[in-house]
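Remarks on the structure that follows.
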């Protein structure tokens, strides 16, 4: 057993090294004064100031944040409805179809989703004149659609693991469907809704392929700008941008872990008593 | 006035009826709540596939939009013509390029799914064996990169693997190699990219399967004289199988259609179908051909997609 657990420690350790080595090297080199990545020219914040002076990147980032905010919000509303319907409505006609439509977007290759939505928008414009042209609106619709699926799955699994007695008690006490949902169910599934919103926000902020298909001229999102810059070659500002984004996420996750660890130690202490 | 009085009475009656077991009784309310997301997904997820299928049966044309009409009619002359073009599909099967692209995508996806499994298993096992706050920390460390930008993570590997990147510098310094290895823009880099980006999708289902495993089974196997490797293949692996399958499907499907990883890390000769579709659409502007490529890719992926749906239906953790 001893040798086996040493083997496990080493292989798992290598796995974590594999996960973090490229990220750490990116962070370190974002502070490199020299433009050549191999040459260490000393510490510098030069690329950060260049990043904030780059209007193309800043505008694209603002557009991406706007799209991500609206899509995540829409996705949370629609996805919560879908998750609720799937786990609380019992069997109904078309349930299989809805559950299929909710899970399939999660694994669908992005090129297919992107192409099919673009062709739909073009066909709809030809038939009904809406949406006229492509841009922010079509990207928001596309992002809402695939984020909705993630939210629905998260909400559904939260509802499935939660017992229905609280809702039944509220019903027995005479709560109407609307107030039952908003006063009992919604607060209980709030953690799932918040994580669904955050996940949708990051997925939307990160999407390159689908946005490339459904956006119009002059509507480049941040990933589209990064992709074209990275393809062209040396891009020290991108290192700075990546570091900033990683820092934001890391702070959020560390905060969440700290919270969970506190809860875990609390539970252990309670168990000891 | 009488209208509002009437509706107030109606409301009260309806409320009485609905009071009991609201999720089972109200029909119109249910219909609206179920109808809105169904309508949205139907319009923006399902109908688009029909449109793609339709356009895959047309011909590329110099027009806006750039494809021929499938249906043409003239009511005055009672004339309808349907023009179905199977040429795109025939071309797909005649031209070795497309066949090679499908095969090579499936090959790359299968191999990288296997490598992902190899890397993910020890991590998932270590998480499942740890306890309390260490477990939370190890789990968070796996999920954290998933929350950062996928594109930037791929970019990190470009910087890492390139000719004058850190890996080469390190190997040169310690004297393992004399001249820099060409790692970027090769299939090797594509494998690394896929394993790297999809690792959490493999670790999480594996972890949730291993976590449920009863440790006493391993002790029993050991007591009965089984060696650690034997116990692994005869006890641990079979018990982890649901997680292995879920993880493999979750990695395999998106890997087949991957575009960004082969575009940034792969070489000019790294053939993957996602990239072919992209070029067909953005470079050749041949929408019907791109649609045919997408339809055939869907057919290839239908089986694994059904698999994941069934496992979700049974309530397996994914």
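The values are calculated or read from the model by the stated rules, or taken from the named source; none is laboratory data. Since we're looking at a predicted model, the values are computed, not measured. Every residue, glycine as well, gets a Cβ built from its backbone with ideal geometry; the counts of neighbours run over all protein chains shown.
Residues are listed down the side, and each one gets a yes or a no for (1) facing another protein chain (nearest Cβ under 8 Å); (2) at pLDDT 85 or above; (3) surrounded by 13 or more Cβ atoms within 10 Å (Cβ to Cβ); (4) outside any helix (DSSP H, G or I):
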site: B:42; (1), (2), (3), (4): yes, yes, yes, no
site: B:81; (1), (2), (3), (4): no, no, no, yes
site: B:111; (1), (2), (3), (4): no, yes, yes, no
site: B:116; (1), (2), (3), (4): no, yes, yes, no
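Out of curiosity, is residue B:254 facing chain A (nearest Cβ under 9 Å) and either in contact with a helix residue (DSSP H, G or I) (Cβ under 6 Å, 6 or more places away or on another chain) or surrounded by 16 or more Cβ atoms within 10 Å (Cβ to Cβ) (or both)?
In short, yes.
Considering each of B:189, B:101, B:140 in turn, give the residue that is within 11 Å of another protein chain (Cβ to nearest Cβ) and in a helix (DSSP H, G or I).
Of the residues listed, the single one that is within 11 Å of another protein chain (Cβ to nearest Cβ) and in a helix (DSSP H, G or I) is B:140.
Considering only residues that are buried (at least 20 other Cβ atoms within 10 Å of the Cβ) and at the interface with chain B (Cβ under 10 Å from one of its Cβ atoms), which ones fall in the range A:204-229?
Once the filter is applied, which keeps residues that are buried (at least 20 other Cβ atoms within 10 Å of the Cβ) and at the interface with chain B (Cβ under 10 Å from one of its Cβ atoms), the range A:204-229 yields A:205, A:206, A:207, A:208, A:209, A:212, A:213, A:222, A:223, A:224, A:226, A:227.
Evaluate the range B:258-278: report whether one residue or more is surrounded by fewer than 23 Cβ atoms within 10 Å (Cβ to Cβ), modelled with pLDDT under 85, out of contact with any helix residue (DSSP H, G or I) (no Cβ under 9 Å at 6 or more places or on another chain) and within 11 Å of another protein chain (Cβ to nearest Cβ).
So far as the range B:258-278 goes, no, none of its residues is surrounded by fewer than 23 Cβ atoms within 10 Å (Cβ to Cβ), modelled with pLDDT under 85, out of contact with any helix residue (DSSP H, G or I) (no Cβ under 9 Å at 6 or more places or on another chain) and within 11 Å of another protein chain (Cβ to nearest Cβ).
Have a look at B:135, B:153 and point out the one that is in a helix (DSSP H, G or I), over 23 Å from the mean Cα position of the chain (by Cα) and either within 25 Å of residue A:28 (Cβ to Cβ) or not assigned by TED's automatic domain parsing to the domain that holds residue B:68 (or both).
None of the others qualify; the one that does is B:135.
Residue by residue, here is whether (1) more than 30 Å from the chain's Cα centre (by Cα); (2) at the interface with chain B (Cβ under 9 Å from one of its Cβ atoms); (3) at pLDDT 85 or above holds:
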site: A:40; (1), (2), (3): yes, no, no
site: A:51; (1), (2), (3): no, no, yes
site: A:66; (1), (2), (3): no, no, yes
site: A:87; (1), (2), (3): no, no, yes
site: A:90; (1), (2), (3): no, yes, no
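Can you spot a residue in the range B:281-297 that is within 12 Å of chain A (Cβ to nearest Cβ), modelled with pLDDT of 90 or more, closer than 24 Å to residue A:106 by Cα and not in a helix (DSSP H, G or I)?
No, that holds for no residue.
Residues in the range B:57-76: is at least one in a helix (DSSP H, G or I) and either touching a residue at least 12 places away in the same chain (Cβ under 8 Å) or surrounded by 21 or more Cβ atoms within 10 Å (Cβ to Cβ) (or both)?
no
Yes or no, residue by residue, for (1) at pLDDT below 90; (2) on the phi > 0 side of the Ramachandran plot; (3) within 12 Å of another protein chain (Cβ to nearest Cβ):
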position: A:107; (1), (2), (3): yes, no, yes
position: A:112; (1), (2), (3): no, no, yes
position: A:116; (1), (2), (3): no, no, yes
position: A:121; (1), (2), (3): no, no, yes
position: A:127; (1), (2), (3): yes, no, yes
position: A:131; (1), (2), (3): yes, no, yes
position: A:139; (1), (2), (3): no, no, no
position: A:145; (1), (2), (3): no, no, yes
position: A:148; (1), (2), (3): no, no, yes
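From the list B:124, B:101, which residue is buried (at least 16 other Cβ atoms within 10 Å of the Cβ), closer than 30 Å to residue B:52 by Cβ and out of contact with any strand residue (DSSP E or B) (no Cβ under 6 Å at 6 or more places or on another chain)?
B:101
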